[in-house]
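The values are calculated or read from the model by the stated rules, or taken from the named source; none is laboratory data. Being a predicted model, the structure only gives us computed values, none of them experimental. Here the Cβ positions follow ideal geometry from the backbone for every residue, glycine too, while neighbour counts run over all protein chains shown.
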Amino acid sequence: MTILKSSVAKKVAMALSGLFLVMFILIHLAINLTLIYPGKEAFDAAVEFMATNPFIQLMQPVLFLGFIFHIAMGIYLEWTNQGKRSVKYVNSNPGAASSWASRNMIWTGLFVLLFLIVHLINYFVPFKTQEIHDHYALVTGLFKNPFYTLFYVLAFIGLGIHLSHGFQSAFQSLGTPREKCNKALVITGNIIALLVAFGFSAIAIYFYFN
Amino acid sequence: MSTINIKEGAPLKAKIPQGDLSQKWTIYKDKIRLVSPANKRNLDIIVVGTGLAGASAAASLAELGYNVKAFAFQDSPRRAHSIAAQGGINASKNYQNDGDSDWRLFYDTIKGGDYRGREANTYRLAEVSGAIIDQAVMQGVPFARDYGGLLDNRSFGGVLVSRTFYAKGQTGQQLLLGAYSALNRQIARGKVEMYNRHEMIDLVVMDGHARGIIARNLITGRLERFSAHAVVIASGGYSNVYFLSTNAMGSNATAAWRAHRKGAYFANPAFVQIHPTCIPRSSEHQSKLTLMSESLRNDGRIWVPKKLEDAVAIREGKLKPTQIPEEDRDYYLERRYPAFGNLVPRDVASRAAKERCDAGYGVNKTGEAVYLDFASAIERYGKEQAHLKGIKKPSKEIITELGRKVIEDKYGNLFQMYEKIVDENPYETPMMIYPANHYSMGGLWVDYDLQSNLPGLFVIGEANFSDHGANRLGASALMQGLADGYFVLPYTIGDYLADYIKAGKVPTDTPEFDEAEEKVMEEINFFLNNKGSHSVDYFHKKLGKIMWDKVGLARNAQGLQEAIKEIQELRKEFWKDVRVPGKANDYNPELEKAGYVADYLELGELLALDALNRNESAGGHFREEYQTPEGEALRDDENYAYVAAWEYPAKPYERYTKQVNMSDEILHKEPLIFEFVKPTTRSYK
Amino acid sequence: MKLNLKIWRQNGPNDKGRMVDYQIDGVESDMSFLEMLDLLNENLIAKGEEPIAFDHDCREGICGMCSLYINGEAHGPDRLTTTCQLHMRRFKDGETITIEPWRANAFPVIKDLIVDRSALDRIQQAGGYISVNTSGRTVDANNIPIPKKDADNAFDAATCIGCGACVATCKNASAMLFVSAKVAQFAQLPQGRVEAAKRVQDMVAVMDAEGFGSCTNTGACEVECPKGISLSNIAILNKEFLLAQVK
């Protein structure tokens, strides 16, 4: 852990854990999209696969740790960074030089965390504690609630914003040659952000209306 | 003819080693005494100033093992004004194979200085110039390179070879940061104690030797004592005596002048350089002038309108420079000096600009500006690029675009700087330029060892007088600062210190330190209690005006005598009526300035006196009475081939109690003997 | 023109400090921002008040001494401009301008608008150099060809003036742009490669110890940097740092 003493190392760890979570979210999105197409059977089969495949089972605690680490480190970094300027500016115009998304990673992150907790209570806890046969019904059923759906959509817009900065930022932290790659990374990051935000939201909205 | 009676003292000897010019430095180095590493640990050296000369000296001396205390008035050594040097640094590497050599660099420098420099020093400078480039490259200084990966060169004024190494228009910055990095390495090792925001305000002399300084901590305002076995002054030049100059606001002559008051002679103060390519002044509130690198004269063509009525129309804003057809433009440097054209030395270019403006051809509101035009360079480079890129029959737009790109690569930061200040795009409309004070060739007198007449006091860089004669060539200031600091002083100071290896620490509780601190405090208290009616800047501006009008680009005996009188009057008024707010033991920039201006008010008078004494024109010193029928400088080698070193005419602290006039300074002559070159009339035609 | 100024006044490091309102008349559009402050100070001295302390020196945008957070931005609203190069033509008659010192715990206020930036020097002392003695006895300067692109990139990084605008701008008060500029300059030159691994670790360690925040890649530093130092340098630092761990 001594290596994590350095601020640069911490950023690298944030980047790696973040990218790992991006991978997870993309897989999650792929599975969720089966709700709409091909439909119930495919979705249930995918859930079954995820629940039984030994590799996925192995990765589950890793994923869990990844989440914990990314969240804890994010909060810790923000907390310490906030402390580096005890006297604030009377007049500050940060919007002139940087994007809202980049400055508010902590807030978009915390919002997604809030969603994550609700999400775990709604799915993961029953999933682990009860014998559920109809995953499809459990998932789609919740989208009948307009407040839940709205919350769900907002959370994924938040995650999209988080990723729009986070993805390319992670590569910057890992030292990818900026001149060569930055444009591609920004575009890829924005595509992923849009995919995640619209993909998950579309599913929720689809089932709200259907 | 001067009507002031000048008292003359004993002539000075420069301790130049015997032997052939090219062997002197080698012979010298072989004969000096060395100090063993074990003894170097017991010797302390104070270095005042951390520009190119100071930082390189402090780093080198610390590497050798001496204990160095370095002082900067800014918050970091990296801020020294060397950082603003733009164009480049000369070295006789002959990488271009265009006939350069140590001899040619020496010869160009001594000739450029109008034969008022010392042969041996100048040759040594040329001799070590190559090592500076090697050293800097090794330190990671990113000089400009060609596509083959080797170093690129460009040309500067007054020479016919390309020997200038550069890093865009920021060569000074890159070299200073190189020296700063070497200094940092020694600070980290604990061999240099760095005192930032400290200003030397007095030199402490014990038994006739420089042994310490009184410095003011600019944050707390407290006076602090520092002792050493030798003191090195590397505090730069005195151009700010003119109020408006290209120097930084904080650049000052106080360290050098206080040493002068303590007995160090001040040499050739009249030799100041007025740089031809500065951005013209615009308003009364202007606080400083900005230089546009001389390297621009590689590609820019200088002109004014041929017709007086065009000049008038331009001044009134009725005509734009781009509307004046080629045949109505007077490229006066190309006309007068066909061989060197726009690349004549600085003094020649400055006077030519003034001549045209005085004749009524000036092109800005104040009538004090000429054009520096890049249109033909843009076209030339554009065509070249189009050819390289294989574009057949390129349109005018494409040529302009390609040409601009080349100019941007070479001078981008300068063009940007110009646009910010003047609010005009120099790619589209010609730049306006005018001469401004820039550099002082004069300074504290030193011998071949760079040691002042006051033993233990060494003076390096712009602060000394030695290598540039009456005019410095472009890209030679960086060369001299680094040569002194890296390669000359580390040798010569050892020869002096060899006598003190058993001396032990120099105490700071001596009567000399007591007196110095007490007197400095008296002056501070005087300023703060004076409660006059004018700010320090008021006097500084007045002094600047006298200096610029009467001791500036062109001087005459009558004007100089008037100037001396007026400065004496102004000085009286200053001591009576200056107002300095704030407290002594506090951060107080007005108090700092008061000290500077008190010194400028003396230095300015000495400058005028030196100019009055020198009944000839040489380099930057142009006396209207002494010129050829074509208006070129007329030297008098028979009577003035000497260095004029001046001795302060009173006791160090007498200025607080009685009027001390600089016209009473005592003149010591160091005859300039030209063994190896024959002084000729400079011709750049 | 006439302006309303709101300026931070603080008597010393231990004073609490406050914003003070000033009115100034007779400002000309050709004046630089610092010349406007000179004029204000002349007025204050004439009235017997203490002038406003601010850092400045070369007034041509290269020494890095001037600072000032003007209307919520480091060195004011113009890009690629230091405060001394900012001209009053940028402002309108009657405008209100706020002027504050750089804010960061690593930059304590000394007086009024002056802050202590010596932390930046200490980072440089930790490794911002190539360990070569100044004997001049190295190798000929043309002995090692350096690709023009590398030399140019190193130069671009080396143009940092150490003003601290990046720290002042960064929401985390991070000095990464400053540190990376030096790391990247040397990392791209063969002479600097020899010590690259040690340099980056030592400089980052001191940067952290001096109390600067960490980089979250907002990119604000690059935008506000008066010399346009690129974020690429931070990427290079990160890469060098990672490489150093496996060395």
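Can you find even one residue in segment C:145-157 that is in a loop (DSSP other than H, G, I, E, B) and among the charged types (D, E, K, R)? No, every residue in segment C:145-157 fails to be in a loop (DSSP other than H, G, I, E, B) and among the charged types (D, E, K, R). Here B:Y587, B:Y600 are screened, and the one residue that is more than 14 Å from chain C (Cβ to nearest Cβ), of a type outside the set (S, T, N, Q) and touching a residue at least 24 places away in the same chain (Cβ under 8 Å) is B:Y600. Restricting C:L44, C:L113 to residues that are under 16 Å from B:Y587 (Cβ atoms) and surrounded by 24 or more Cβ atoms within 10 Å (Cβ to Cβ) narrows the list to C:L113. Within the set B:V141, B:V137, the sole residue that is assigned to a loop (DSSP other than H, G, I, E, B), closer than 27 Å to B:D409 by Cα, within 14 Å of another protein chain (Cβ to nearest Cβ) and of a type in the set (V, I, T) turns out to be B:V141.
Within this structure, B:E590 passes the test of being surrounded by fewer than 23 Cβ atoms within 10 Å (Cβ to Cβ), modelled with pLDDT of 95 or more and more than 29 Å from B:V348 (Cα to Cα). Comparison of B:L176, B:L160 shows that the only residue that is outside any loop (DSSP other than H, G, I, E, B) and either assigned by TED's automatic domain parsing to the domain that holds B:A80 or in contact (Cβ under 8 Å) with a residue 24 or more places away in the chain (or both) is B:L176.
Residues in segment B:18-30 that are under 11 Å from B:Y491 (Cα atoms) and either touching a residue at least 12 places away in the same chain (Cβ under 8 Å) or not in a helix (DSSP H, G or I) (or both): 3 in all. Just one of (1) outside any loop (DSSP other than H, G, I, E, B); (2) crowded, with 24+ Cβ neighbours inside 10 Å fails for B:G87. It is (1). Residues that are within 25 Å of A:K11 (Cα to Cα), facing chain B (nearest Cβ under 8 Å), at pLDDT 95 or above and not in a loop (DSSP other than H, G, I, E, B) occur at least once in segment C:166-188.
Each row is one residue, and each column tells you yes or no for (1) part of a loop (DSSP other than H, G, I, E, B); (2) surrounded by fewer than 24 Cβ atoms within 10 Å (Cβ to Cβ); (3) touching a residue at least 12 places away in the same chain (Cβ under 8 Å).
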site: B:V232; (1), (2), (3): no, no, yes
site: B:S245; (1), (2), (3): yes, no, yes
site: B:A248; (1), (2), (3): yes, no, yes
site: B:A255; (1), (2), (3): no, no, yes
site: B:G263; (1), (2), (3): yes, yes, yes
site: B:P269; (1), (2), (3): yes, no, yes
site: B:Q273; (1), (2), (3): no, no, yes
site: B:E284; (1), (2), (3): yes, yes, no
site: B:L296; (1), (2), (3): no, no, yes
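C:G72: in contact with a Leu (Cβ under 7 Å, 6 or more places away or on another chain), modelled with pLDDT of 95 or more and farther than 28 Å from B:D586 by Cα, yes or no? For C:G72, the condition - in contact with a Leu (Cβ under 7 Å, 6 or more places away or on another chain), modelled with pLDDT of 95 or more and farther than 28 Å from B:D586 by Cα - is not met.
Quick check: is even one residue across segment C:119-130 within 30 Å of C:I7 (Cα to Cα) and within 8 Å of another protein chain (Cβ to nearest Cβ)? Among the residues of segment C:119-130, at least one is within 30 Å of C:I7 (Cα to Cα) and within 8 Å of another protein chain (Cβ to nearest Cβ), which makes the answer yes.
Rundown of residues vs (1) in a helix (DSSP H, G or I); (2) more than 28 Å from A:I106 (Cα to Cα); (3) at pLDDT 95 or above, yes/no style:
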position	(1), (2), (3)
A:K10	yes, no, yes
A:A13	yes, no, yes
A:S17	yes, no, yes
A:F43	yes, yes, no
A:A46	yes, yes, no
A:L65	yes, no, yes
A:F69	yes, no, yes
A:L77	yes, no, yes
A:S86	no, no, yes
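Assess whether B:R118 counts as being of a type outside the set (G, A, S), buried (at least 24 other Cβ atoms within 10 Å of the Cβ), under 28 Å from B:T26 (Cα atoms) and touching an Asp or Glu at 6+ places or on another chain (Cβ under 7 Å). Against the criterion (of a type outside the set (G, A, S), buried (at least 24 other Cβ atoms within 10 Å of the Cβ), under 28 Å from B:T26 (Cα atoms) and touching an Asp or Glu at 6+ places or on another chain (Cβ under 7 Å)), B:R118 does not qualify. Scanning segment C:96-110 for residues that are within 9 Å of chain A (Cβ to nearest Cβ), touching a Ser or Thr at 6+ places or on another chain (Cβ under 6 Å) and buried (at least 22 other Cβ atoms within 10 Å of the Cβ) yields no hits at all. Within segment A:151-193, if we keep just the residues that are modelled with pLDDT under 95 and crowded, with 16+ Cβ neighbours inside 10 Å, the residue that is farthest from A:W107 (Cα to Cα) turns out to be A:R178.
One residue stands out in segment B:559-586 among those that are assigned to a helix (DSSP H, G or I) and over 29 Å from the mean Cα position of the chain (by Cα): the one that is surrounded by the most Cβ atoms within 10 Å (Cβ to Cβ), namely B:E573. The set of residues in segment C:68-104 that are over 21 Å from the mean Cα position of the chain (by Cα), among the basic types (K, R) and outside any helix (DSSP H, G or I) contains only C:K92. So, in segment B:64-84, of the ones that are among the hydroxyl-bearing types (S, T, Y) and within 11 Å of chain C (Cβ to nearest Cβ), which residue ends up surrounded by the most Cβ atoms within 10 Å (Cβ to Cβ)? Within segment B:64-84, the match that is surrounded by the most Cβ atoms within 10 Å (Cβ to Cβ) is B:S82. In segment B:54-84, the residue that is farthest from B:L177 (Cα to Cα) out of those that are polar (S, T, N, Q) and assigned to a helix (DSSP H, G or I) is B:S60.
Count of segment B:42-53 residues, restricted to those that are over 17 Å from B:I187 (Cβ atoms) and either in a loop (DSSP other than H, G, I, E, B) or charged (D, E, K, R) (or both), is 2. For segment C:33-54, filtering for residues that are in contact with a strand residue (DSSP E or B) (Cβ under 9 Å, 6 or more places away or on another chain), more than 7 Å from every other protein chain (Cβ to nearest Cβ) and outside any helix (DSSP H, G or I) leaves 2. When C:N217 is tested against (1) touching a Gly at 6+ places or on another chain (Cβ under 7 Å); (2) within 9 Å of another protein chain (Cβ to nearest Cβ); (3) closer than 27 Å to A:V186 by Cα, only condition (1) is not met.
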